[in-house]
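Down below is the structure, laid out as C-alpha coordinates.
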Amino acid sequence: NELSIHYQPLFHSKEERVYGFEALVRWNSKTRGLVPPGHFIEIAEQNGLIRQVDFFVLKEAFSAAQRWYDKGIMRGRIAVNISSVNFQQAEFVCQIKELVASVNGNCKLIELELTETAMMIDAPTVAKNISILKSMGFTIALDDFGTGFSTFNYLKQLPAQHVKIDGSFVRDMLNDPIDLALVKAINDISTSLDKRSVAEYVENKEIFLALKEIGVDYGQGYFIARPVPVEKISDELKKISENNLFN
(Lines give C-alpha, C1' and ligand atoms only; values in the text may rest on other atoms or scores of the structure.)
Protein backbone atom coordinates (compact mmCIF):
# COMPACT_ATOMS: atom_id res chain seq x y z
CA ASN A 1 0.00 0.00 0.00
CA GLU A 2 2.89 2.38 -0.69
CA LEU A 3 1.79 3.39 -4.19
CA SER A 4 -0.26 6.52 -4.82
CA ILE A 5 -1.35 8.62 -7.78
CA HIS A 6 -0.49 12.21 -8.59
CA TYR A 7 -2.48 14.01 -11.27
CA GLN A 8 -1.10 16.61 -13.67
CA PRO A 9 -3.63 18.87 -15.44
CA LEU A 10 -3.78 18.81 -19.22
CA PHE A 11 -4.63 22.20 -20.73
CA HIS A 12 -6.68 22.77 -23.89
CA SER A 13 -4.82 25.65 -25.52
CA LYS A 14 -7.55 26.70 -27.95
CA GLU A 15 -10.44 26.59 -25.49
CA GLU A 16 -8.26 27.94 -22.64
CA ARG A 17 -9.39 25.44 -20.05
CA VAL A 18 -8.26 22.33 -18.21
CA TYR A 19 -9.25 19.43 -20.42
CA GLY A 20 -8.19 16.45 -18.32
CA PHE A 21 -5.31 14.99 -16.34
CA GLU A 22 -2.48 12.51 -16.57
CA ALA A 23 -2.29 9.92 -13.79
CA LEU A 24 1.29 9.45 -12.59
CA VAL A 25 2.21 6.70 -10.14
CA ARG A 26 4.39 7.46 -7.13
CA TRP A 27 6.07 5.09 -4.67
CA ASN A 28 6.47 6.44 -1.15
CA SER A 29 8.61 3.71 0.37
CA LYS A 30 8.80 3.39 4.14
CA THR A 31 12.51 2.61 3.85
CA ARG A 32 13.61 4.50 0.71
CA GLY A 33 11.35 7.54 0.82
CA LEU A 34 9.81 8.89 -2.38
CA VAL A 35 11.08 6.78 -5.29
CA PRO A 36 10.72 8.27 -8.82
CA PRO A 37 8.90 6.10 -11.42
CA GLY A 38 12.06 5.96 -13.52
CA HIS A 39 13.72 4.02 -10.69
CA PHE A 40 11.11 1.29 -10.25
CA ILE A 41 8.90 0.91 -13.35
CA GLU A 42 11.57 -0.92 -15.33
CA ILE A 43 12.16 -3.28 -12.42
CA ALA A 44 8.41 -3.93 -12.18
CA GLU A 45 8.41 -4.79 -15.89
CA GLN A 46 11.32 -7.18 -15.47
CA ASN A 47 9.92 -9.07 -12.49
CA GLY A 48 6.32 -9.34 -13.69
CA LEU A 49 4.75 -6.83 -11.28
CA ILE A 50 3.93 -4.20 -13.90
CA ARG A 51 0.42 -5.54 -14.53
CA GLN A 52 -0.50 -4.93 -10.88
CA VAL A 53 1.03 -1.44 -11.01
CA ASP A 54 -0.77 -0.47 -14.22
CA PHE A 55 -4.09 -1.86 -13.06
CA PHE A 56 -3.79 -0.09 -9.71
CA VAL A 57 -3.32 3.23 -11.53
CA LEU A 58 -6.14 2.46 -13.96
CA LYS A 59 -8.57 1.56 -11.17
CA GLU A 60 -7.80 4.78 -9.31
CA ALA A 61 -8.14 6.79 -12.52
CA PHE A 62 -11.59 5.35 -13.25
CA SER A 63 -12.78 6.45 -9.83
CA ALA A 64 -11.31 9.96 -10.06
CA ALA A 65 -12.49 10.48 -13.65
CA GLN A 66 -16.12 9.70 -12.88
CA ARG A 67 -16.07 11.85 -9.75
CA TRP A 68 -14.54 14.86 -11.50
CA TYR A 69 -16.73 14.47 -14.56
CA ASP A 70 -19.88 14.42 -12.41
CA LYS A 71 -18.70 17.56 -10.59
CA GLY A 72 -17.90 19.37 -13.83
CA ILE A 73 -14.20 19.61 -12.94
CA MET A 74 -13.17 17.63 -16.00
CA ARG A 75 -14.70 17.61 -19.46
CA GLY A 76 -12.07 15.40 -21.06
CA ARG A 77 -10.19 12.33 -19.88
CA ILE A 78 -7.57 11.02 -17.51
CA ALA A 79 -4.52 9.66 -19.33
CA VAL A 80 -2.92 6.49 -17.96
CA ASN A 81 0.45 5.16 -19.09
CA ILE A 82 0.31 1.45 -19.87
CA SER A 83 3.52 -0.53 -20.09
CA SER A 84 4.41 -1.92 -23.50
CA VAL A 85 4.82 -5.28 -21.75
CA ASN A 86 1.08 -5.35 -21.01
CA PHE A 87 0.02 -4.26 -24.49
CA GLN A 88 1.97 -7.22 -25.90
CA GLN A 89 -0.03 -9.78 -23.88
CA ALA A 90 -2.87 -11.56 -25.69
CA GLU A 91 -4.88 -11.75 -22.44
CA PHE A 92 -4.48 -8.03 -21.70
CA VAL A 93 -7.84 -7.01 -23.19
CA CYS A 94 -9.71 -9.66 -21.19
CA GLN A 95 -8.08 -8.41 -18.00
CA ILE A 96 -9.05 -4.83 -18.87
CA LYS A 97 -12.65 -5.90 -19.47
CA GLU A 98 -12.73 -7.60 -16.07
CA LEU A 99 -11.41 -4.46 -14.39
CA VAL A 100 -13.93 -2.23 -16.16
CA ALA A 101 -16.77 -4.52 -15.09
CA SER A 102 -15.54 -4.68 -11.47
CA VAL A 103 -15.49 -0.88 -11.06
CA ASN A 104 -18.35 -0.10 -13.46
CA GLY A 105 -15.88 2.11 -15.29
CA ASN A 106 -16.69 4.57 -18.07
CA CYS A 107 -14.05 3.89 -20.73
CA LYS A 108 -14.82 7.18 -22.50
CA LEU A 109 -13.26 9.04 -19.56
CA ILE A 110 -9.91 7.24 -19.85
CA GLU A 111 -7.05 7.61 -22.31
CA LEU A 112 -4.51 4.81 -22.56
CA GLU A 113 -0.97 5.85 -23.48
CA LEU A 114 1.62 3.57 -25.02
CA THR A 115 5.03 4.11 -26.58
CA GLU A 116 5.98 2.77 -29.97
CA THR A 117 8.37 0.30 -28.34
CA ALA A 118 5.29 -1.87 -27.76
CA MET A 119 5.09 -2.37 -31.52
CA MET A 120 8.70 -3.45 -31.92
CA ILE A 121 8.23 -6.94 -30.45
CA ASP A 122 4.70 -8.02 -31.34
CA ALA A 123 3.05 -5.44 -33.57
CA PRO A 124 0.06 -7.61 -34.64
CA THR A 125 -0.98 -8.37 -31.03
CA VAL A 126 -0.56 -4.75 -29.96
CA ALA A 127 -2.56 -3.45 -32.94
CA LYS A 128 -5.33 -5.97 -32.27
CA ASN A 129 -5.49 -5.08 -28.57
CA ILE A 130 -5.61 -1.37 -29.35
CA SER A 131 -8.44 -1.81 -31.85
CA ILE A 132 -10.54 -3.68 -29.27
CA LEU A 133 -9.81 -1.16 -26.52
CA LYS A 134 -10.72 1.69 -28.85
CA SER A 135 -14.03 -0.04 -29.65
CA MET A 136 -14.73 -0.20 -25.90
CA GLY A 137 -14.56 3.61 -25.74
CA PHE A 138 -10.98 4.20 -24.64
CA THR A 139 -8.99 6.96 -26.31
CA ILE A 140 -5.54 5.80 -27.42
CA ALA A 141 -2.46 8.04 -27.34
CA LEU A 142 0.99 7.43 -28.80
CA ASP A 143 3.45 8.68 -26.18
CA ASP A 144 7.00 10.03 -26.65
CA PHE A 145 6.41 10.47 -30.36
CA GLY A 146 9.52 11.00 -32.47
CA THR A 147 12.09 9.29 -30.25
CA GLY A 148 11.94 5.68 -31.45
CA PHE A 149 12.47 3.72 -34.62
CA SER A 150 10.15 3.68 -37.67
CA THR A 151 7.90 6.13 -35.85
CA PHE A 152 5.86 7.18 -38.86
CA ASN A 153 5.21 3.58 -39.81
CA TYR A 154 3.84 2.86 -36.34
CA LEU A 155 1.72 6.01 -36.47
CA LYS A 156 0.22 4.67 -39.67
CA GLN A 157 -0.47 1.24 -38.14
CA LEU A 158 -1.83 2.37 -34.77
CA PRO A 159 -5.40 3.69 -34.49
CA ALA A 160 -4.25 6.31 -31.98
CA GLN A 161 -6.33 9.48 -31.58
CA HIS A 162 -3.72 11.54 -29.71
CA VAL A 163 0.00 12.03 -30.40
CA LYS A 164 2.22 13.23 -27.55
CA ILE A 165 5.19 15.26 -28.78
CA ASP A 166 8.19 14.16 -26.79
CA GLY A 167 9.38 16.70 -24.25
CA SER A 168 12.98 16.48 -25.49
CA PHE A 169 11.86 18.47 -28.56
CA VAL A 170 9.62 20.89 -26.66
CA ARG A 171 12.01 21.78 -23.86
CA ASP A 172 14.52 23.68 -26.02
CA MET A 173 12.41 24.48 -29.08
CA LEU A 174 12.83 28.25 -28.74
CA ASN A 175 16.64 27.96 -28.74
CA ASP A 176 17.06 25.14 -31.23
CA PRO A 177 15.57 25.63 -34.72
CA ILE A 178 15.74 21.89 -35.38
CA ASP A 179 13.61 21.11 -32.33
CA LEU A 180 11.17 23.83 -33.35
CA ALA A 181 10.94 22.40 -36.86
CA LEU A 182 10.29 18.91 -35.47
CA VAL A 183 7.52 20.15 -33.18
CA LYS A 184 5.87 21.92 -36.10
CA ALA A 185 6.24 18.86 -38.34
CA ILE A 186 4.78 16.46 -35.77
CA ASN A 187 1.85 18.79 -35.15
CA ASP A 188 1.21 19.17 -38.90
CA ILE A 189 1.29 15.41 -39.44
CA SER A 190 -1.03 14.82 -36.49
CA THR A 191 -3.48 17.39 -37.82
CA SER A 192 -3.42 15.94 -41.34
CA LEU A 193 -4.16 12.48 -39.93
CA ASP A 194 -7.04 13.87 -37.83
CA LYS A 195 -5.22 13.26 -34.55
CA ARG A 196 -4.87 15.67 -31.65
CA SER A 197 -1.38 16.79 -30.60
CA VAL A 198 -0.16 17.05 -27.00
CA ALA A 199 3.04 18.80 -25.92
CA GLU A 200 4.90 17.63 -22.82
CA TYR A 201 7.34 19.67 -20.70
CA VAL A 202 5.68 23.06 -21.13
CA GLU A 203 7.97 24.78 -18.65
CA ASN A 204 7.45 28.50 -19.31
CA LYS A 205 5.06 31.01 -20.84
CA GLU A 206 7.14 31.56 -23.97
CA ILE A 207 6.99 27.88 -24.90
CA PHE A 208 3.32 27.76 -24.00
CA LEU A 209 2.43 30.65 -26.31
CA ALA A 210 4.67 29.32 -29.10
CA LEU A 211 2.92 25.96 -28.99
CA LYS A 212 -0.46 27.67 -29.12
CA GLU A 213 0.65 29.66 -32.18
CA ILE A 214 1.86 26.48 -33.89
CA GLY A 215 -1.54 24.95 -33.27
CA VAL A 216 -0.71 22.23 -30.74
CA ASP A 217 -4.01 21.17 -29.17
CA TYR A 218 -3.02 20.35 -25.59
CA GLY A 219 -0.16 21.09 -23.23
CA GLN A 220 1.11 19.86 -19.90
CA GLY A 221 4.08 20.86 -17.82
CA TYR A 222 5.20 22.81 -14.78
CA PHE A 223 4.21 26.17 -16.27
CA ILE A 224 0.59 25.00 -16.27
CA ALA A 225 0.63 22.83 -13.16
CA ARG A 226 2.75 20.29 -11.34
CA PRO A 227 1.51 16.77 -10.58
CA VAL A 228 -0.31 16.79 -7.24
CA PRO A 229 -2.11 14.26 -5.02
CA VAL A 230 -5.84 13.88 -5.54
CA GLU A 231 -6.68 15.90 -2.42
CA LYS A 232 -4.86 18.96 -3.82
CA ILE A 233 -6.49 19.01 -7.27
CA SER A 234 -9.06 21.66 -6.35
CA ASP A 235 -6.33 24.00 -5.10
CA GLU A 236 -4.27 23.43 -8.24
CA LEU A 237 -7.23 24.17 -10.52
CA LYS A 238 -7.93 27.34 -8.56
CA LYS A 239 -4.33 28.49 -9.06
CA ILE A 240 -4.58 27.84 -12.81
CA SER A 241 -7.75 29.90 -12.98
CA GLU A 242 -6.27 32.77 -10.96
CA ASN A 243 -2.99 32.83 -12.91
CA ASN A 244 -4.81 33.40 -16.22
CA LEU A 245 -2.17 31.80 -18.43
CA PHE A 246 -2.96 33.87 -21.49
CA ASN A 247 -2.31 37.29 -19.92
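Just a few scattered comments:
- Yes/no for CYS94 being at pLDDT 90 or above, out of contact with any Lys or Arg (no Cβ under 9 Å at 6 or more places or on another chain) and farther than 13 Å from ILE140 by Cα: yes
- Close pairs (7 angstrom Cβ cut-off, 6 or more residues apart or separate chains): open to solvent by 50 Å² or more (accessible area, probe 1.4 Å) in the range 28-50, among the polar types (S, T, N, Q) anywhere: ASN28/SER4; LEU34/ASN28; GLU45/SER83
- One residue from SER197, SER192 being among the hydroxyl-bearing types (Ser, Thr, Tyr) and farther than 16 Å from ASP143 by Cα: SER192
- Filtering the range 132-141 to residues that are of a type in the set (Gly, Ala, Ser), under 18 Å from the mean Cα position of the chain (by Cα) and open to solvent by 10 Å² or more (accessible area, probe 1.4 Å) leaves only GLY137.
- Checking each residue in the range 206-224 for being buried (at least 19 other Cβ atoms within 10 Å of the Cβ) and among the β-branched types (Val, Ile, Thr) picks out ILE207, VAL216, ILE224.
- Selection over the range 64-104 of residues that are assigned to a loop (DSSP other than H, G, I, E, B) and open to solvent by 20 Å² or more (accessible area, probe 1.4 Å) gives a count of 10.
- In the set (1) at pLDDT below 90; (2) over 24 Å from ILE207 (Cα atoms); (3) open to solvent by 70 Å² or more (accessible area, probe 1.4 Å), the condition left unmet by THR147 is number (2).
- Qualifying residue in the range 62-73 (condition: charged (D, E, K, R) and under 18 Å from LYS134 (Cβ atoms)): no
- Options GLY72, GLY105, GLY76: the member that is of a type in the set (Gly, Ala, Ser), without any contact (Cβ under 8 Å) to a residue 24 or more places away in the chain and closer than 18 Å to ALA61 by Cα: GLY72
- Residue among THR125, THR117 that alone is more than 19 Å from the chain's Cα centre (by Cα) and open to solvent by 20 Å² or more (accessible area, probe 1.4 Å): THR125
- Those residues of the range 225-238 which are assigned to a loop (DSSP other than H, G, I, E, B) and open to solvent by 10 Å² or more (accessible area, probe 1.4 Å), in sequence order: ARG226, PRO227
- Test: residue in the range 168-181 that is open to solvent by less than 10 Å² (accessible area, probe 1.4 Å) and modelled with pLDDT of 85 or more: yes
- Hey, LEU10 open to solvent by less than 20 Å² (accessible area, probe 1.4 Å), at pLDDT 90 or above and not in a helix (DSSP H, G or I) or not: yes
- Condition met for LYS30 (modelled with pLDDT of 95 or more and not aliphatic (A, V, I, L, M)): no
The values are calculated or read from the model by the stated rules, or taken from the named source; none is laboratory data. Predicted model, so just to flag it, every value in this text is computed and none were measured. FYI the Cβ positions are ideal-geometry reconstructions off the backbone, even for glycines, and counts take in every protein chain you see. Please note that ligands, DNA and RNA were not included when accessible areas were found on the heavy atoms of the full protein model with its side chains. Shrake-Rupley method; radii C 1.70, N 1.55, O 1.52, S 1.80 Å.
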